[in-house]
There are 2 protein chains.
Amino acid sequence: MGYRYQQLESWLLQGIREHRWQAGERLPSIRELCRQKALSKATVMHALQRLEAMGVVEARPKSGYFVTSLPVPIKAPVVQARIAAPRPVTVSDLLQDIMRRSAAFDLLPMPQAGELPASLVTLNRSIGRALRRQKGNDYQYYDEPAGEPALREQIAQHALRRGWPVTPDQLCITSGCQHALFLALMACCERGDVVAVESPGFYGVLQLLEQLGLQGVEVPASCEQGMNMDALEDVLQRWPVRACIVSPAFSTPGGALMPEASRRRLLALASRHDLAVIEDDIYADTAFSDMPDPLKALDGEDRVILCSSFSKALSRDLRLGWIAGARWHARILHLKLVTQLASSRYLQQGVADYMADGSYATHLRRQRLQLRDQRDRLLRELNSWSVDLRVSRPEGGLAVWLELPEQVDTLSLYHHALEQGVVVTPGPLFSITGQYRNCLRMSFAHPWRSERLGALARLRALTGCGD
Amino acid sequence: MGYRYQQLESWLLQGIREHRWQAGERLPSIRELCRQKALSKATVMHALQRLEAMGVVEARPKSGYFVTSLPVPIKAPVVQARIAAPRPVTVSDLLQDIMRRSAAFDLLPMPQAGELPASLVTLNRSIGRALRRQKGNDYQYYDEPAGEPALREQIAQHALRRGWPVTPDQLCITSGCQHALFLALMACCERGDVVAVESPGFYGVLQLLEQLGLQGVEVPASCEQGMNMDALEDVLQRWPVRACIVSPAFSTPGGALMPEASRRRLLALASRHDLAVIEDDIYADTAFSDMPDPLKALDGEDRVILCSSFSKALSRDLRLGWIAGARWHARILHLKLVTQLASSRYLQQGVADYMADGSYATHLRRQRLQLRDQRDRLLRELNSWSVDLRVSRPEGGLAVWLELPEQVDTLSLYHHALEQGVVVTPGPLFSITGQYRNCLRMSFAHPWRSERLGALARLRALTGCGD
């Protein structure tokens with residue numbers, strides 16, 4: 001951890017974890033910390049603000065910083081990915097099995113009954129209104145390949161709030177983020193090309209590499225900083241990499257928020273090696289505090305393709321995403337036209353209205369608190385698991401990454417858990433080379449109702465992490 | 001024209017065209033025709049029933065067959081496609097220009113105001129109801145890769161009525177027919193493979209060949225019988241063809257309904273040469289009289305992949321299609337999952353309800369009459385064009401195929417027409433080898449309101465087909 005504020009942050013976190021300061025207790029004042037650690041006021045404030053953003057401390061006006069009652073992170077996973085030569089990708093059939101259970105993001109295999117959240121009712125009303133506005137022979141026309149201008153306009157305005165000034169004509173609407181990633185890879189790679197991916201990294205990307213006949217090379221990614229730039233540099237020197245796929249905002253499964261220094265270094269490397277950079281931005285809108293800027297905002301060479309969708313932050317059932325194709329934009333438009341012609345206009349108009357009237361922003365504000373609570377509850381539960389467990393502590397996204405004891409095999413755990421009505425996502429799905437056998441991705445996308453807590457307890461017993 | 005009923009049919013059509021029998025007049029009786037032409041009663045009745053299905057004659061109980069007042073087909077186009085060796089495909093940028101105008105199926109470049117048809121209002125209500133039924137955390141789940149079971153069930157029931165007993169688990173829901181064709185080609189071909197296509201044939205298929213790096217070989221297709229089986233046999237003997245794409249029901253642009261004999265021969269050839277047959281069935285539900293059976297219904301070897309959607313018969317804006325992948329079904333499911341995860345469940349449920357309560361069947365019955373009227377009106381208008389024009393007379397679909405005089409260049413016509421606010425689809429878009437420069441596809445998908453008749457008149461002047 002290079003920076004001085006990071007050193008202070010770690011020291012304070014460690015102290016809270018070891019109960020040097022209890023929940024509700026005041027931390028040393030800024031002045032004390034400056035003196036004690038020989039740091040500038042700016043550095044100390046930076047570290048404290050980061051702890052505040054994490055929910056570990058809270059600022060009380062004129063009193064200082066106090067330890068909150070939120071759980072303190074247990075040990076973080078130490079990703080020790082091996083770097084292996086690029087290779088064709090083969091994804092386990094297991095993933096299809098999981099997807100068939102529609103359950104990649106829940107411990108339970110089926111949707112649960114209950115009330116639809118208010119912000120989703122509002123969304124559906126917007127879509128319903130757009131449907132009722134159809135007139136004349138609208139239904140006999142295809143949407144233009146780039147998608148409905150009103151929705152692109154709203155997405156551009158949303159991007160601007162994250163420091164990324166994009167115009168609607170630089171965007172293309174897709175059927176979700178997976179579709180955007182597919183278009184991106186089709187546009188900038190040819191069969192046999194080498195693509196660098198995060199390890200552990202999103203299985204959907206690995207599947208795409210497999211289906212498009214691309215070779216993958218894994219670059220280690222930590223749960224704190226994301227893709228390791230030293231490792232990437234090493235990989236780029238050794239093999240002819242055409243594209244690099246990263247998820248700088250709350251990557252799945254690790255949940256890292258890539259620091260700005262890494263981002264700048266990534267773009268410098270991309271420039272030197274003439275890479276296409278594909279940014280999977282799908283989790284950005286789930287940020288628990290401020291929404292991070294996209295990597296794309298730093299892209300001075302028009303070589304970052306940003307892919308995103310509403311699936312994680314709003315609804316999986318919309319099937320609406322977008323892509324900013326940079327220098328490949330025209331080719332991506334063409335590929336979208338050829339592979340599926342168009343998207344639904346009424347649907348795009350409904351979502352555009354939902355964004356325009358502020359409902360999406362309201363939804364995100366509400367959801368942010370809820371997601372943070374759900375993460376905290378999960379961390380608290382996992383805290384009580386009695387073994388040498390390592391768990392990530394993401395500041396956004398929908399899941400944590402668990403490192404279980406060496407001897408646990410999560411692939412066989414998958415089958416045993418399924419027999420007991422619990423769905424888990426085993427670690428090896430996040431690797432081309434079968435790494436992470438003792439790891440799991442575990443979702444906190446859903447409220448911890450009793451059925452889910454029950455599933456968690458059964459899982460604890462199955463992993464041998466019981467008392 | 002080999003069969004005796006076809007010879008009789010041609011003779012009668014010729015007589016009506018030459019006013020041997022006027023509109024409203026009675027044709028010779030069945031008994032007279034049997035005697036005069038030395039044919040069996042069954043043969044004569046078959047010919048008369050075909051003329052009735054075309055709308056050229058009508059049966060009056062106990063009185064015989066009478067000539068209707070509908071227009072008699074003007075000369076049919078004589079497709080004289082050249083067969084050239086397989087080649088990589090390059091599609092004109094013009095097509096993207098047309099698609100950007102959202103106008104491949106209208107003479108006018110923009111949707112028109114007015115009331116939405118009643119059956120579309122009903123459809124939208126069904127979708128709206130499905131939206132309002134969302135509950136609990138439905139929105140956090142992806143649809144299963146094959147698509148919503150209720151919709152697959154309805155599509156299977158609909159298929160059964162056309163003589164094709166398919167089960168829901170043999171179907172996969174897609175984002176429209178173009179998406180289905182894409183999945184089909186991805187599943188059964190590899191880069192560099194040769195694919196046989198109809199000529200003239202659907203430009204969307206040609207674009208797919210281009211983007212997937214496949215080679216195309218054109219097989220002549222007539223406006224009456226579709227793909228020429230002698231030519232296909234010839235092609236198969238000369239080149240290693242992997243797949244053949246046909247549209248047996250009202251192919252675009254020719255509009256042919258492939259006769260059963262051709263269908264059986266196609267399947268025998270496919271068996272002998274181990275072809276994948278991709279059936280584009282998208283126009284079947286627009287049939288003006290009985291809905292034709294799909295080619296797939298005759299498929300005894302599980303080698304016909306049927307692709308279709310609701311875009312032509314119901315709404316372009318639904319973006320819902322389906323594919324029956326035959327022996328490639330599992331691979332197609334996987335490809336769908338990888339390239340776009342899932343489809344919208346509420347939307348599929350809404351459409352399933354619309355089909356289940358009979359609204360879709362009602363819609364098709366109404367639309368059938370309207371489409372036939374619109375085709376007739378177009379043929380009547382074209383009848384008055386004073387030159388040597390050849391026009392197809394399809395019994396389904398949304399467009400006719402026009403052969404203009406040799407000297408007309410429809411590619412330059414496209415630009416001139418656009419300046420006058422008219423969009424046409426030039427013939428060369430329907431060929432890999434730039435054939436059909438003097439041809440056009442012309443749509444009758446829309447009512448002939450005054451603006452469209454005006455556009456038609458401007459087009460007539462531009463083609464030099466004025467008086």
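The values are calculated or read from the model by the stated rules, or taken from the named source; none is laboratory data. None of the values given here were measured: they were computed from a predicted structure. Cβ sites come from the backbone with ideal geometry, for glycine too, and all protein chains shown count toward neighbours.
Against the definition (in contact (Cβ under 8 Å) with a residue 40 or more places away in the chain, in contact with a Pro (Cβ under 7 Å, 6 or more places away or on another chain), within 11 Å of chain B (Cβ to nearest Cβ) and not basic (Lys, Arg)), how does A:Leu398 come out, yes or no? Reasoning before the result, please.
Numbers: in contact (Cβ under 8 Å) with a residue 40 or more places away in the chain: yes; in contact with a Pro (Cβ under 7 Å, 6 or more places away or on another chain): no; within 11 Å of chain B (Cβ to nearest Cβ): yes; not basic (Lys, Arg): yes.
Against the criterion (in contact (Cβ under 8 Å) with a residue 40 or more places away in the chain, in contact with a Pro (Cβ under 7 Å, 6 or more places away or on another chain), within 11 Å of chain B (Cβ to nearest Cβ) and not basic (Lys, Arg)), A:Leu398 does not qualify.
Hey, does region B:283-292 have a residue that's at pLDDT below 95 and over 19 Å from B:Ala399 (Cβ atoms)?
yes
For (1) within 12 Å of another protein chain (Cβ to nearest Cβ); (2) over 19 Å from the mean Cα position of the chain (by Cα); (3) in contact (Cβ under 8 Å) with a residue 60 or more places away in the chain, each residue gets a yes or a no:
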position: B:Gly192; (1), (2), (3): yes, yes, no
position: B:Gly201; (1), (2), (3): no, no, yes
position: B:Val205; (1), (2), (3): yes, no, yes
position: B:Glu218; (1), (2), (3): no, no, yes
position: B:Glu224; (1), (2), (3): no, no, yes
position: B:Asp230; (1), (2), (3): no, yes, no
position: B:Val235; (1), (2), (3): no, yes, yes
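If you take the residues of region B:389-424 that are of a type in the set (Asp, Glu) and surrounded by 14 or more Cβ atoms within 10 Å (Cβ to Cβ), which of them is farthest from the chain's Cα centre (by Cα)? Spell out the reasoning first.
Residues of region B:389-424 of a type in the set (Asp, Glu): B:395, B:403, B:406, B:409, B:419.
Subsequent filtering for residues that are surrounded by 14 or more Cβ atoms within 10 Å (Cβ to Cβ) retains B:395, B:403, B:409.
Numbers: B:Glu395: 10, B:Glu403: 18, B:Asp409: 25 Å.
Once the filter is applied, the top-ranked residue is B:Asp409.
Any residue at all in region B:280-293 that's under 20 Å from B:Pro428 (Cα atoms), within 12 Å of the chain's Cα centre (by Cα) and crowded, with 24+ Cβ neighbours inside 10 Å?
Filtering region B:280-293 for residues under 20 Å from B:Pro428 (Cα atoms) gives none.
There is no residue in region B:280-293 that is under 20 Å from B:Pro428 (Cα atoms), within 12 Å of the chain's Cα centre (by Cα) and crowded, with 24+ Cβ neighbours inside 10 Å.
Six or more apart or on different chains, Cβ under 6 Å: which pairs go from a residue in region A:158-176 that's over 24 Å from A:Tyr346 (Cβ atoms) and touching a residue at least 60 places away in the same chain (Cβ under 8 Å) to one that's of a type in the set (D, E, K, R) and surrounded by fewer than 19 Cβ atoms within 10 Å (Cβ to Cβ)? Could you list them?
A:Arg162/A:Asp293; A:Gly163/A:Asp293
Filter region B:3-46 down to residues that are under 16 Å from B:Phe66 (Cα atoms) and small (Gly, Ala, Ser) and give me whichever is surrounded by the fewest Cβ atoms within 10 Å (Cβ to Cβ).
For region B:3-46, the residue satisfying everything is B:Gly24.
Kindly indicate the residue of region A:327-336 that is surrounded by fewer than 23 Cβ atoms within 10 Å (Cβ to Cβ) and either free of Cβ contacts under 8 Å to residues at least 60 places away in the same chain or β-branched (Val, Ile, Thr) (or both) and also farthest from A:Asp274 (Cα to Cα) among those meeting that condition.
Filtering region A:327-336 for residues that are surrounded by fewer than 23 Cβ atoms within 10 Å (Cβ to Cβ) and either free of Cβ contacts under 8 Å to residues at least 60 places away in the same chain or β-branched (Val, Ile, Thr) (or both), the one farthest from A:Asp274 (Cα to Cα) comes out as A:Ala330.
Inside region A:254-273, can you point out the residues that are in contact with a strand residue (DSSP E or B) (Cβ under 9 Å, 6 or more places away or on another chain) and either of a type in the set (Ser, Thr, Tyr) or over 20 Å from A:Gly201 (Cβ atoms) (or both)?
The one that is in contact with a strand residue (DSSP E or B) (Cβ under 9 Å, 6 or more places away or on another chain) and either of a type in the set (Ser, Thr, Tyr) or over 20 Å from A:Gly201 (Cβ atoms) (or both): A:Ser262.
Touching a residue at least 12 places away in the same chain (Cβ under 8 Å), over 30 Å from A:Tyr139 (Cα atoms) and buried (at least 23 other Cβ atoms within 10 Å of the Cβ) - does that describe any residue in region A:305-323?
Yes; the residues of region A:305-323 include at least one that is touching a residue at least 12 places away in the same chain (Cβ under 8 Å), over 30 Å from A:Tyr139 (Cα atoms) and buried (at least 23 other Cβ atoms within 10 Å of the Cβ).
Within region B:373-387, is there a residue that is surrounded by 24 or more Cβ atoms within 10 Å (Cβ to Cβ) and either within 14 Å of another protein chain (Cβ to nearest Cβ) or under 30 Å from A:Gly136 (Cβ atoms) (or both)? Quick ask: steps written out before the conclusion?
Kept after step one, since they are surrounded by 24 or more Cβ atoms within 10 Å (Cβ to Cβ), are these residues of region B:373-387: B:375.
If we keep only those that are either within 14 Å of another protein chain (Cβ to nearest Cβ) or under 30 Å from A:Gly136 (Cβ atoms) (or both) too, we end up with B:375.
Among the residues of region B:373-387, at least one is surrounded by 24 or more Cβ atoms within 10 Å (Cβ to Cβ) and either within 14 Å of another protein chain (Cβ to nearest Cβ) or under 30 Å from A:Gly136 (Cβ atoms) (or both), which makes the answer yes.
Across region B:148-188, what is the total count of residues that are closer than 28 Å to B:Tyr203 by Cα, within 11 Å of chain A (Cβ to nearest Cβ) and not β-branched (Val, Ile, Thr)?
12
Residues that are in contact (Cβ under 8 Å) with a residue 60 or more places away in the chain and part of a loop (DSSP other than H, G, I, E, B): does region B:378-385 have at least one?
If we filter region B:378-385 for residues that are in contact (Cβ under 8 Å) with a residue 60 or more places away in the chain, which is where we start, we get B:378-383, B:385.
Next, only the ones that are part of a loop (DSSP other than H, G, I, E, B) stay: B:385.
Checking region B:378-385: at least one residue is in contact (Cβ under 8 Å) with a residue 60 or more places away in the chain and part of a loop (DSSP other than H, G, I, E, B).
Are there any pairs, at least 6 apart or on different chains, whose C-beta atoms fall under 8 Å, with the first in region B:281-295 and farther than 15 Å from B:Gly176 by Cα and in the same structural domain as B:Leu171 (by TED's automatic domain parsing) and the second among the aromatic types (Phe, Trp, Tyr) and surrounded by 23 or more Cβ atoms within 10 Å (Cβ to Cβ), and if so, which?
B:Thr286/B:Phe250; B:Ala287/B:Phe250
B:Gln211 passes all but one of (1) touching a residue at least 24 places away in the same chain (Cβ under 8 Å); (2) out of contact with any Lys or Arg (no Cβ under 7 Å at 6 or more places or on another chain); which number fails?
Evaluating B:Gln211 over (1) touching a residue at least 24 places away in the same chain (Cβ under 8 Å); (2) out of contact with any Lys or Arg (no Cβ under 7 Å at 6 or more places or on another chain) leaves (1) as the failure.
Where residues in region A:294-319 are within 15 Å of the chain's Cα centre (by Cα) and not in a loop (DSSP other than H, G, I, E, B), which of them is farthest from the other protein chains (Cβ to nearest Cβ)?
Result: A:Leu295.
Does B:Ala104 satisfy being at the interface with chain A (Cβ under 7 Å from one of its Cβ atoms), farther than 25 Å from A:Lys312 by Cα and modelled with pLDDT under 80? Step through it out loud before you land on a result.
Numbers: at the interface with chain A (Cβ under 7 Å from one of its Cβ atoms): no; farther than 25 Å from A:Lys312 by Cα: yes; modelled with pLDDT under 80: yes.
Spelling it out, it is not the case that B:Ala104 is at the interface with chain A (Cβ under 7 Å from one of its Cβ atoms), farther than 25 Å from A:Lys312 by Cα and modelled with pLDDT under 80.
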